[in-house]
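The values are calculated or read from the model by the stated rules, or taken from the named source; none is laboratory data. In this text the structure is predicted, and so the values were computed from the model without any measurement. Heads up, the Cβs are rebuilt from the backbone with ideal geometry, glycines too, and the neighbour counts pull from every protein chain shown. Side chains included, ligands, DNA and RNA excluded: accessible areas come from the protein's heavy atoms. Shrake-Rupley method; radii C 1.70, N 1.55, O 1.52, S 1.80 Å.
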Amino acid sequence: MKPFIQLKGNYKSLIAYQKAECIYDITYYFAHKYFSKGDRTIDQMVQAARSGKQNIVEGSSAATTSSETEIKLYNVARASLQELLIDYEDYLRVNNCQQWDVNSDKAKRAREACTKHNDSTYYRNAIQKRSAETIANIAITLIHQEDVFLRKMIEKRKNDFLKEGGIREQMTAARLEYKKNNPKK
């Protein structure tokens, strides 16, 4: 008999969490370096990045007993990171910086590097030597990659729910199977 409560919550092994941590670390650095002290944008960007990361943690932890909560929290993570994406795009636009065209050599190199690296230490070191424009474009690249991972995670959980049901259905099935295999004597 398959157990109806399968422990989940190993969020640190999720690529989506690892990328979200990278996005948070880049954003923390970027916001504090390129915005004036007291600018509300600092808190807005850092909180959006934090929300993206923290909602993956909470969604993964809730997954043990609630597919609905897990899916909702992953979607909140997506929404927070979309808000952050707009902040980076706004920064580039109002500061007359270039947002890299998706087919440009710079964007292609950024995608390759961001695909290879999910360790926030890599980015914390790399951004020290980069311009605001480059850092913002790297963050944008990571946010787009993160969005793909989160959409896939949400889709997988939806499909798992359709196949396996929720915790109540699994508990009822387990109880009925137990009763069938252990009739009263």
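Which aspartates and glutamates, if any, have their Cα less than 13 Å from the Cα of LYS106, not counting same-chain residues under 8 positions apart? Answer for LYS106, where 13 Å is the Cα cut-off: GLU133, listed by chain and number. When the chain is treated as a GNM with alpha-carbon contacts under 10 Å, the residue of ASN103, ASN118, ASN55 showing the greatest mean-square fluctuation is ASN103.
Segment GLU83..ASP119, full-extension length gain: 10.7 nm, with 0.36 nm per residue of separation and the alpha-carbon distance subtracted. Only one residue of PHE30, SER80, SER67 has its Cα farthest out toward the positive end of the dipole of the chain, where Lys and Arg carry +1 and Asp and Glu -1 on Cβ, and that residue is SER67. Note on exposure: SER120, SER131, SER51, SER36 ranked by accessible area (1.4 Å probe, complete protein assembly) read SER36, SER131, SER51, SER120, with the most exposed listed first.
Straight-line reach from LYS33: taking Cα to Cα under 17 Å and skipping same-chain neighbours fewer than 8 places apart, the lysines in range are LYS129.
Report the calculated FRET efficiency for LYS12 and LYS129 (r = Cβ-Cβ distance, R0 = 22 Å), to the nearest 0.05. Calculated transfer efficiency: 0.20.
Every Cα-Cα pair in region 13-141 was counted, and those over 17 Å apart are 58% of them.
Within a straight-line Cα-Cα reach of under 24 Å, LYS158 can be paired with the following lysines, leaving aside sequence neighbours fewer than 8 residues apart in one chain: LYS2, LYS8, LYS12, LYS19, LYS53, LYS72.
For a Förster distance of 22 Å, can you work out the FRET efficiency between the beta-carbons of SER36 and LYS72, rounded to the nearest 0.05? It comes to 0.05.
Here the chain has 50 percent of its accessible surface on carbon and sulfur atoms, given a 1.4 Å probe and all protein chains in place. About the centre of its Cα atoms, the chain shows a dipole size close to 980 debye [charges on the beta carbon of Lys, Arg (+1) and Asp, Glu (-1) only; nearest 20 debye]. Say the dipole of the chain comes from +1 at the beta carbon of Lys and Arg and -1 at that of Asp and Glu; which of SER120, THR41, THR134 then lies farthest toward its positive end? Going by the charge dipole, the pick is SER120.
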